[in-house]
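The values are calculated or read from the model by the stated rules, or taken from the named source; none is laboratory data. Note that this is a predicted model, so its numbers are computed, not measured. Every residue, glycine as well, gets a Cβ built from its backbone with ideal geometry; the counts of neighbours run over all protein chains shown. Quick note on the areas: whole protein, heavy atoms, side chains included, nothing else; ligands and nucleic acids left out. Shrake-Rupley method; radii C 1.70, N 1.55, O 1.52, S 1.80 Å.
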Amino acid sequence: TLLLLIIMLLYYWMMHQRRRLYIYLAIFLALLSVWLVASLWFSMLVWNCPAFWWYLLLGCVYLMPVLGNLIVYEALDGYGRHGVLFVGSVYGILGISGLVGELLGYNILEMNLSFYYVWMGVGQFFVVFLLLRAAWQGNRVCRALLLPVLGLPLLGIFDGLSTHFRLFESGCFVTPLGSVFMAVFAIWFMRENMQEEQRLRKLAWTLEQNVEAANERAQIDALTKCYNRGKLKEAMEHGIRIAEADGMSFSVIMLDIDFFKQVNDSQGHDAGDCVLIGFA
């Protein structure tokens, strides 16, 4: 998860498109990393303060779906964005109301988890529906997001049924497996960006070739294949520079074809073109 976080931050600085998606994904991965540390028994060896780790864990639990839905918001192209914002806002409201309740001395954060898991079962599957709709319309990012957006809530609901509702004993959290889903999405996203970069490089090379060909056409006479007046200034300046550097004289020779108009008038312009080509 930390490795993915570093990669996403690097991409945030390197890329100019979908920068918000990168930063939201990086923040989500940071929260997931903190949540993973807070949920380990090992954290008690680092600092034996169960209340701190518990509140840190709860804070990440409420914030992760907010960031997850912001990622989806950035991936969608207009339609469904307001619905995703609404789903994410409910998690934010539950977290803020829980925090206010804790400050007032009530155990609201843990109580709100009941609404939290119910909303996860309803809201996130609505988000999945929006992603499916966008993926069906050709949005490749939404298609890649389907796995983490569907998988992470299922893992979270499983943990909620075990640790919060106590419906069964699992012995461990399964939500950390969601980092695998995020890894699949991150790898796909990086591959897409590399392919887009290759496409842009190829396009830039093609444009460069086209510009070079256009410049050549602008300076070369189509009939005789000699340089035309468009090349004259550049050629003169180049010749003068060489002459000055070598200390040599510089000359310009001008030629004309006598009686060329008579050739055109008597033999036709095609014959005149042949004379020009032969003379050149």
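Summary table below
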| quantity | calculated |
| --- | --- |
| Within the stretch 197-233, tally of residues that are in contact with a strand residue (DSSP E or B) (Cβ under 7 Å, 6 or more places away or on another chain) and open to solvent by 60 Å² or more (accessible area, probe 1.4 Å) | 1 |
| Qualifying positions in the stretch 117-130 - closer than 15 Å to GLY83 by Cβ and either under 19 Å from the mean Cα position of the chain (by Cα) or open to solvent by 60 Å² or more (accessible area, probe 1.4 Å) (or both) | VAL122, PHE125, PHE126, PHE129 |
| Total residues in the stretch 252-269, condition open to solvent by less than 90 Å² (accessible area, probe 1.4 Å) and free of Cβ contacts under 8 Å to residues at least 12 places away in the same chain | 3 |
| From GLY105, GLY98, GLY83, GLY59, residue being crowded, with 21+ Cβ neighbours inside 10 Å, over 23 Å from TYR12 (Cβ atoms) and more than 22 Å from the chain's Cα centre (by Cα) | GLY98 |
| Selection count where residues are part of a helix (DSSP H, G or I), surrounded by fewer than 21 Cβ atoms within 10 Å (Cβ to Cβ) and not aromatic (Phe, Trp, Tyr), scope the stretch 131-143 | 5 |
| Boolean, ARG133 is among the charged types (D, E, K, R) and either within 21 Å of GLY88 (Cβ to Cβ) or touching a helix residue (DSSP H, G or I) at 6+ places or on another chain (Cβ under 7 Å) (or both) | yes |
| Conditions (1) in a helix (DSSP H, G or I); (2) open to solvent by less than 80 Å² (accessible area, probe 1.4 Å); (3) farther than 14 Å from LEU4 by Cβ; (4) at pLDDT below 85: number failed by MET194 | (2) |
| The stretch 11-45 - residue that is in a helix (DSSP H, G or I) and open to solvent by 100 Å² or more (accessible area, probe 1.4 Å) and, of those, nearest to ILE108 (Cα to Cα) | LEU45 |
| GLY272 surrounded by 10 or more Cβ atoms within 10 Å (Cβ to Cβ), in contact with a Lys or Arg (Cβ under 9 Å, 6 or more places away or on another chain) and farther than 30 Å from MET111 by Cβ | yes |
| Residues (aliphatic (A, V, I, L, M) and farther than 20 Å from VAL184 by Cα) located in the stretch 2-33 | MET14 |
| Tally of residues being closer than 21 Å to ALA183 by Cβ and without any contact (Cβ under 8 Å) to a residue 40 or more places away in the chain across the stretch 20-63 | 12 |
